[in-house]
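Novice: The structure that follows is given in the form of structure tokens.
Just so it is clear, none of the values below were taken in a lab; they were calculated from the coordinates. Note that the coordinates shown come from a computational prediction; the quantities given were computed from them, not determined experimentally. For neighbour counting, all protein chains shown are included, and Cβ atoms are generated from backbone atoms with ideal geometry for every residue, glycine included.
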Amino acid sequence: MTSTFTQKNNIIRFVYAETTVAENEILMQALLIDDELYDFYMKCAFTKESIDKMEFEPSNKCITNILNYSKKVSLQVAS
Amino acid sequence: MIKNNLSDAELLSHYKQGNEKAFEVLLRRHKSKIYSTIFTIVKDQYVAEDLMQDVFIKIIDIIRSGRYNEEGKFIQWASRMAHNLAIDNFRRNKRYPTIVLEDGMNVFNSLHFAEETVEDVRIKNETHTSLRNMIQTLPEPQREVLLMRHYAEMSFQEIAEATGVSINTSLGRMRYALINLRKLIEKTNVAYDQYLYAEK
């Protein structure tokens, strides 16, 4: 019998796609019969998705500065 | 001509041979992830952009001097460097700075959105800011594992090794990070369901 602690850690690995196909089968079965585990899975998946959607962009100036630096270094290497 | 579908390793190989376009593709591919890693920690656009440039100066110098270790993924290496620089900066300042952005009004102009109304953008900005602030309130070990997993794309095993703990500790920290964030989301009742999960 797998402990709740281990099951929840496995769910975290499952949410982040780090489980094997065989583990997925076992976890899917567990989720079908364990309401508390299912609720935990849904909350984790929801929160992960929220974080995934939070992305920021640097300014074009920042990107241009980096590209210019790279070109400068390339010229130094070539000369 | 460099194709966008080349792998990071292939782009790095072209770049080492002097192809600047390959580097540009690599930079544009990973800029959001690396910048987000930094910005989520320092919360200041100017500082984040300075650190972003510092990270890439280091990256360029390491690659150009032939010291880049091709084992492992580029994004993990770069994000880890970004994370460490941002943490160093935070520790030097000993506080989280007030959000400082270009025009004072458009506080969230660094967020990336496409084909949305002004109102959509405003609400998403508020939602993302709220979530980012919630992440800041997590205990450092939880915040660290969350940022490493999301932005550095490190596996839990890799995070465990990098932070010197067992994988179970690493998973436990992530578990508490997600549970705590979820509680904060429920408490503040921000508009996640409506705006983050709307199908485009």
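Novice: Starting with the highest mean, order A:48-59, B:174-185 by the number of other Cβ atoms within 10 Å, averaged over the residues of each peptide.
Specialist: Packing order, densest peptide first, comes out as B:174-185, A:48-59.
Novice: Could you calculate the FRET efficiency of B:ILE57 with A:ALA17 from 1/(1 + (r/R0)^6), where r is the beta carbon distance between them and R0 is 30 Å, rounded to 0.05?
Specialist: Approximately 0.35, to the nearest 0.05.
Novice: Evaluate the distance, in nm, between pseudo-label points positioned 7 Å from the Cα of B:SER65 and of B:THR137 along their respective Cα→Cβ axes.
Specialist: Modelled inter-label distance: 4.4 nm.
Novice: Moving to a separate point now. How large is ³J(HN,Hα) for each residue in the range B:129-139, as worked out from phi by the Karplus curve 6.51 cos²θ - 1.76 cosθ + 1.60 (θ = phi - 60°), to whole Hz, x for Gly and Pro?
Specialist: 5, 4, 5, 4, 5, 5, 4, 5, 7, 5, x
Novice: Right, another one. Return one number: the angle in degrees, 0 to 90 and rounded to the nearest 10, between the long axis of the Cα atoms of helix A:60-78 and the longest principal axis of the Cα atoms of chain A.
Specialist: 60
Novice: If you wrap a convex hull around the Cα atoms of the range B:8-93, how much volume per residue is inside, in Å³?
Specialist: So the per-residue Cα hull volume is 86 Å³.
Novice: Quickly work out the B:GLU153-to-B:ASN5 label distance, labels modelled 7 Å from Cα along the C-beta direction, and quote it in nm with one decimal.
Specialist: Simple spin-label model gives 1.7 nm for this pair.
Novice: Select from the range B:8-100 those GluC sites (Glu not before Pro) which occupy a DSSP coil region and have at most 13 other Cβ atoms within 10 Å, ordered by residue number.
Specialist: B:GLU70, B:GLU71
Novice: Mind counting lysine pairs for me in chain A? Cα separation below 17 Å, and the two need to be 8 or more apart along the chain or on different chains.
Specialist: Lysine pairs meeting the criterion: 5.
Novice: Pull out a ≥ b ≥ c, the square roots of the eigenvalues of the alpha-carbon gyration tensor of the range A:2-78, then state rounded if a/c is under 1.5, prolate if not and a/b is larger than b/c, and oblate in the remaining case.
Specialist: Taking the square roots of the gyration eigenvalues as a ≥ b ≥ c, the range A:2-78 is prolate.
Novice: How many partner chain Cβ atoms sit within 10 Å of a residue's Cβ in peptide B:169-175, on average, as a whole number?
Specialist: Other-chain Cβ atoms within 10 Å of each residue's Cβ, averaged: 5.
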